[in-house]
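Asks: Just dropping this structure here.
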Amino acid sequence: VARPSATDWDERYAKADLEWGAEPNRFLVQEVRDLQPGSALDIASGEGRNAIWLAEQGWSVTAVDFSQVGIEKARRLAAERKVHVDWVVADVVAHSPITSFDLVIVFYLHLSAPEMERVLGTAATALRPGGTLLVVGHDRSNLTAGVGGPQDPTILLDADEVASQLDDLVIEKAVRVSRPVEGAERDAIDTLVRAKRP
Ligand SMILES: C[S@@+](CC[C@H](N)C(=O)[O-])C[C@H]1O[C@@H](n2cnc3c(N)ncnc32)[C@H](O)[C@@H]1O
């Protein structure tokens with residue numbers, strides 16, 4: 001199956017509602033609690049829920065996504081919430097940032113293994129010494145034990161696999177976490193990896 005293109009994502013985001021809601025992901029809130037706000041990069045920021053929340057917490061945020069429509073919705077939401085985020089429309093597999101950040105987040109980005117490895121390399125390289133990387137996404141076990149998310153096992157995450165690709169970093173957490181889903185009979189299972197550049 002060909003991976004969804006920027007146009008596919010544009011179509012998905014074309015409706016008025018926010019696909020993932022306006023509230024930040026619970027694991028972002030949980031993991032950022034003990035960090036001092038600085039500069040942050042949101043890789044594959046979608047409609048901006050996480051980037052906007054980080055900006056509200058005092059982070060100086062750059063957010064990248066290849067969906068123009070997603071970025072436009074994010075821009076509007078940021079304006080409503082009266083925060084500034086630097087929004088960038090770009091393919092995160094092809095492009096790397098030229099500056100470095102105190103926090104880099106990659107949330108629910110599901111690509112082929114080689115593409116994901118590239119993005120994780122980019123994310124790790126974009127970290128300042130002392131900086132934190134957070135990778136969260138649908139876990140491979142979610143297919144059989146969870147709910148929702150992509151159904152292709154090759155693009156689902158595994159905490160140990162993600163951790164093994166972050167050579168230069170110190171792994172602080174590489175775990176499965178469960179996330180309650182409204183109306184669902186059971187929780188979704190996510191991968192959560194937290195790593196630090198020494
Ligand atoms: C499931 S959404 C998650 C959005 C956001 N991180 C969140 O948690 O709300 C996945 C996002 O990845 C973006 N994406 C997928 N492949 C990409 C690529 N190669 N370059 C940039 N963005 C990409 C899509 O446009 C989409 O917005």
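Asks: How far is it, in nm, from the label point at E182 to the one at S164 when both lie 7 Å from their Cα along the line to the Cβ?
Replies: 3.8 nm
Asks: If you don't mind, another one. Compute log10 of I(q)/I(0) for the chain with the Debye formula, placing one identical point scatterer on every Cα and leaving out solvent, at q = 0.10, 0.15 Å⁻¹, to two decimals.
Replies: Taken in order of the listed q values, log10 I(q)/I(0) reads -0.37, -0.90.
Asks: Using +1 on the beta carbon of Lys and Arg, -1 on that of Asp and Glu, and nothing else charged, what's the dipole of the chain about the Cα centre, debye to 20?
Replies: Values: 21 positive and 31 negative charges, 88 e Å.
Value, rounded to 20: 420 debye.
Asks: Place a point 7 Å from Cα of A94 in the direction of its Cβ. Which residues in segment 21-51 have their backbone N less than 16 Å from it?
Replies: It comes to 44, nothing else.
Asks: So if we plug the beta-carbon distance of R75 and E172 into 1/(1 + (r/R0)^6) with R0 = 45 Å, what FRET efficiency do we get, rounded to 0.05? Mind showing how you got there, number by number?
Replies: Details: r = 33 Å, r/R0 = 0.72.
After rounding, the FRET efficiency stands at 0.90.
Asks: Measuring from centroid to centroid over Cα atoms, what is the spacing of segment 180-198 and segment 34-54 in Å?
Replies: Each part reduced to its Cα centre gives a spacing of 17 Å.
Asks: Quick check on the chain: of the DSSP beta bridges with both residues there, what percent are antiparallel, nearest 5%?
Replies: 45 percent
Asks: Another question, if that's okay. Gain in length, R33 to H84, computed as 0.36 nm per residue apart minus the alpha-carbon separation, to one decimal in nm? Mind dumping the intermediate values first?
Replies: Working: separation 51, 0.36 × 51 = 18.36 nm, distance 2.04 nm.
Residue separation times 0.36 nm, minus the Cα-Cα distance, leaves 16.3 nm.
We did not get these values from a lab; they are worked out from the coordinates using the rules stated. Just so it is clear, the structure is predicted and the values come from calculations on it, not from any experiment. All Cβ positions, even for glycine, are placed from backbone atoms using ideal geometry, and neighbour counts span all protein chains on display.
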